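The values are calculated or read from the model by the stated rules, or taken from the named source; none is laboratory data. This structure is a prediction, so every number in the text was calculated from the model and none was measured. Note that we place each Cβ from the backbone using ideal geometry, even for glycine, and neighbour counts take in every protein chain shown. With ligands, DNA and RNA removed, areas are computed over all heavy atoms of the protein, side chains included. Shrake-Rupley method; radii C 1.70, N 1.55, O 1.52, S 1.80 Å.
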Amino acid sequence: MRFALSVEQEQFSSSLHDLLSDMDADTANRSWAAGDHGPGLKIWRRLAELGVTALAVPEKYDGLGATPVDLAVGFERLGYHCVPGPWTDTVAMLPSLLDDELLTSVASGETLASVAFAPHVPYALDSDVADARIAVENGRLRAFTPGDLLSSVDGSRRLFRPVAGDDLGTALDAGRAFELGCLATAAHLLGAGRWLLDTSVAYAAQRKQYGREIGGYQAVKHLLADVATGLALAEPLLFGAAVTLDPRDVSAAKVACGDAAHLAARTGLQVHGAIGYTAEHALGLRLTRVRALVGAWGTPRFHRDRVLS
């Protein structure tokens, strides 16, 4: 069987790319890390107009009722452009946790959500800007308030210690919500890895050492080819997992996308040299994002164990 994205999915990906290329997501990312949510929320609203926030929301709540494959397509683009905000919590997960009118405002982009999911997601992402704050534990939902702000290797991932509040009842489908969280994170990693590869290839054609572009040296070509191979092998695992949503397949995709993105980050830093260490260069945003997401929504060991079992 040959799996390929539909024409509509390809167009959706292209539309997201065109929009985000014009919106300077890197600047919004830096502002978000500094506590200024304005530029990031502007991007949120524009993406809501394209239907991103409505993807997984059921049609009865004015959503699109889209498939996990559609989610993977969207999150890959979000990862490529390093868009800040609680996208996984709000768009991928919340519709599987609740059957509530709240989802109508999620679909329209008016409501942002922060979800803690013990034990693998103990801290709440961006709960200071979230309108809905929900902790999941043993299939039960509880409201929470944000406690201490914790440090993260990725400054734009603002993590808070959740302080438990009222019991909200049983989750609609906590298992599915968790798998979708892992899947969205894997797609985000794949997108970040692709940006790192594209940017590294372009820079290798410009940077000169010993009188010639470094992209002309075989050693550099091999490094970049290894990255391209890793990303190409991870992609079918991601979309295969989106089709089945089987825990084993989701874990395989999370590991493969994480490994490929990590290799892309290491190679990107080698290719860029000293400029890659500077805070002003966009490379650093992806380096820290990849480092944070590799261990988010389950560590590599957890996901490898799920595959092995």
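For first residues located in the stretch 42-62 and over 17 Å from residue 93 (Cα atoms) and in the same structural domain as residue 78 (by the TED database), partners that are surrounded by 14 or more Cβ atoms within 10 Å (Cβ to Cβ) and among the aromatic types (Phe, Trp, Tyr) and lie 6+ apart or on another chain with Cβ distances below 9 Å form the pairs 47/87; 50/12.
Of all residues in the stretch 194-223, those that are closer than 30 Å to residue 90 by Cβ and out of contact with any Phe, Trp or Tyr (no Cβ under 9 Å at 6 or more places or on another chain) total 3.
In the stretch 272-283, which residues are in contact (Cβ under 8 Å) with a residue 40 or more places away in the chain and either within 14 Å of residue 193 (Cβ to Cβ) or charged (D, E, K, R) (or both)?
Step one: of the stretch 272-283, the residues in contact (Cβ under 8 Å) with a residue 40 or more places away in the chain are 272-273, 282-283.
Passing the criteria: only 283.
Output the residues belonging to the stretch 50-69 that are surrounded by fewer than 22 Cβ atoms within 10 Å (Cβ to Cβ) and part of a helix (DSSP H, G or I). Within the stretch 50-69, 59, 60, 61, 69 meet the criteria.
Between 205, 219, 253, the distinction of being in the same structural domain as residue 187 (by the TED database), out of contact with any Pro (no Cβ under 7 Å at 6 or more places or on another chain) and buried (at least 16 other Cβ atoms within 10 Å of the Cβ) belongs to 253 only.
State which residue is surrounded by the most Cβ atoms within 10 Å (Cβ to Cβ) when the search covers only the stretch 161-186 and only residues that are of a type in the set (A, V, I, L, M, F, W, C) and in contact with a Lys or Arg (Cβ under 9 Å, 6 or more places away or on another chain). Looking at the filtered set, the residue picked out is 186.
Quick one: which residue in 168, 149 is aliphatic (A, V, I, L, M), assigned to a strand (DSSP E or B), within 18 Å of residue 32 (Cα to Cα) and out of contact with any His (no Cβ under 9 Å at 6 or more places or on another chain)?
Going through 168, 149 in turn, just one is aliphatic (A, V, I, L, M), assigned to a strand (DSSP E or B), within 18 Å of residue 32 (Cα to Cα) and out of contact with any His (no Cβ under 9 Å at 6 or more places or on another chain): 149.
With respect to being more than 14 Å from residue 43 (Cβ to Cβ) and either of a type in the set (Val, Ile, Thr) or under 19 Å from the mean Cα position of the chain (by Cα) (or both), residue 106 fits the description. Among residues of the stretch 100-118 that are under 16 Å from residue 63 (Cβ atoms), those with a beta-carbon under 6 Å from a residue that is open to solvent by 50 Å² or more (accessible area, probe 1.4 Å) at least six positions away or on a different chain give the pairs 104/62; 107/62; 109/45; 111/131; 112/131. Under the condition of being open to solvent by 20 Å² or more (accessible area, probe 1.4 Å) and in contact with a Pro (Cβ under 7 Å, 6 or more places away or on another chain), the residues counted in the stretch 256-309 number 2.
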